[in-house]
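Below is one structure, written out as structure tokens, with a few remarks after it.
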Amino acid sequence: MPALKDKICVITGAARGIGRAIAARFHAEGARVLLTDINATLGEKTAAEIGCAFQKLDVRSEDDWARLANTVPQADVLVNNAGITGFEDGLVAHDPEHASLENWRAVHRTNLDGTFLGCRYAIGAMKARGTGSIINISSRSGLVGIPLAAAYASSKAAIRNHSKTVALYCAQHGWKIRCNSIHPAAILTPIWEPMLGTGPEREDKMRALTADTPLKRFGTPEEVAALALLLASDDATYITGSEFNIDGGLLAGSAATQG
Ligand code: NDP
């Protein structure tokens, strides 16, 4: 039997990248997937390609979450995947000395407020049946300091902690609603394109960016989707409040070159 047969699964920021791969995998496993994204044009196109439903949802918007609660009052799985680095419109200062409060807040609004609102929606949509799985996409950057991306690192660290709070809260209420975080690093998605470019130096840049990764390559969105599938499925009913690194071994040791 498919792992997610007839489970209602909502995925945010799923028009492309990791969210898209999760939506496609969940759909292939029999789920009733609602793909959501801030980008309606691409979201609708992606959903049509996968064969699932689409609803526009800006994770920062309480109104959008309220609309979702109307259209999908009961859900089995929510993946809080939407996230931004803060470099979408080009290089701006995100170090702790020069970052503007406005830019700091903008990253937290999407990554952290979006995840908070998503968890709040999911608890409401799952507690009637008392069962479900919330999967929050954090990052390797939520586990270590990132000098040039302070807001990204801070917001991803907060997601890690909030996932545990949600897990404990649900357990305290006697619900079988699980909440876990996934911590990817260097997964080849459009998020990297501004840094890689399309020129002849692309391969060199990719090698340089993964030089410290023990497996010496980028991960794929499908590899993250496989982990999300496990956490969404009924094979993971004893897993809650946990964090899962998917990083080609990066966090297994020190990245410092051995002397
Ligand atoms: P992408 O940028 O490829 O995809 C993210 C999607 O989220 C885009 O479609 C984007 O739309 C959408 N989005 C942005 N803001 C909002 C919003 N406010 N509401 C709803 N949707 C929104 O990213 P990835 O697939 O690479 O990343 C997915 C998640 O994984 C993110 O949380 C990211 O931080 C995390 N991650 C990724 C890593 C990687 O190496 N790729 C490593 C570690 C963590 P639009 O393009 O229109 O803004």
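Read-outs throughout are calculated quantities, based only on the coordinates presented, and are distinct from any laboratory measurement. Being a predicted model, the structure only gives us computed values, none of them experimental. For neighbour counting, all protein chains shown are included, and Cβ atoms are generated from backbone atoms with ideal geometry for every residue, glycine included.
Annotations
- Distance from the alpha carbon centroid of region 42-82 to that of region 129-184 works out to 19 angstrom.
- Semi-axes of the equivalent ellipsoid of the chain are 29, 20, 20 Å, computed as sqrt(5λ) over the eigenvalues of the C-alpha gyration tensor in descending order.
- Along region 80-97 the Karplus relation, 6.51 cos²θ - 1.76 cosθ + 1.60 evaluated at θ = phi - 60°, assigns HN-Hα couplings of 7, 9, 4, x, 10, 8, x, 10, 4, 9, x, 6, 10, 5, 10, 8, x, 8 Hz to successive residues, with x for each Gly and Pro.
- Between ALA236, VAL224, ILE187, the Cα set farthest toward the positive side of the dipole of region 122-259 (charges on each charged residue's Cβ, about the Cα centre) is that of ALA236.
- Qualifying chymotrypsin sites (Phe, Trp or Tyr not before Pro) in region 174-246, where qualification requires a DSSP coil assignment and no more than 16 other C-beta atoms within 10 Å, comprise TYR238.
- Taking label points 7 Å from Cα along the Cα-to-Cβ direction, VAL144 and ALA171 give a separation of 2.8 nm.
- Pairs beyond 25 Å (Cα-Cα), from LYS45/LYS156; LYS7/LYS216; LYS7/LYS127: LYS45/LYS156; LYS7/LYS216
- Unit Cα scatterers, Debye sum, region 162-205: log10 I(q)/I(0) for q = 0.33 Å⁻¹: -1.11
- Overall form of region 100-214 per C-alpha gyration tensor (a/c, 1.5; a/b vs b/c): prolate
- By the helix-only formula, in which each DSSP H run with n ≥ 4 contributes -39500 (n - 2.57) and the sum is divided by residues, the chain has a 222 nm mean residue ellipticity of -12000 deg cm²/dmol.
- Close amide H partners of ALA53, meaning residues 5 or more places away or on another chain with modelled amide H under 5 Å apart, are VAL33, LEU35.
- Shape summary: region 1-121 maps onto an equivalent ellipsoid whose semi-axes, from the alpha-carbon gyration tensor, are 28, 15, 12 Å in decreasing order.
- Cα→Cβ-extended label distance, 7 Å offset, between ARG202 and ASP235, nm: 3.4
- GNM top mover of ALA66, ALA21, ALA186 - the chain, alpha-carbon springs below 10 Å: ALA66
- Ranked by the mean number of other Cβ atoms within 10 Å of their residues, highest first, the peptides 50-59, 28-37 fall in the order 28-37, 50-59.
- Among the DSSP helices (H) of the chain, those spanning at least 30 angstrom by Cα along their long axis with an average Kyte-Doolittle hydropathy of -0.5 or more are 150-172; this is a geometric and hydropathy rule only.
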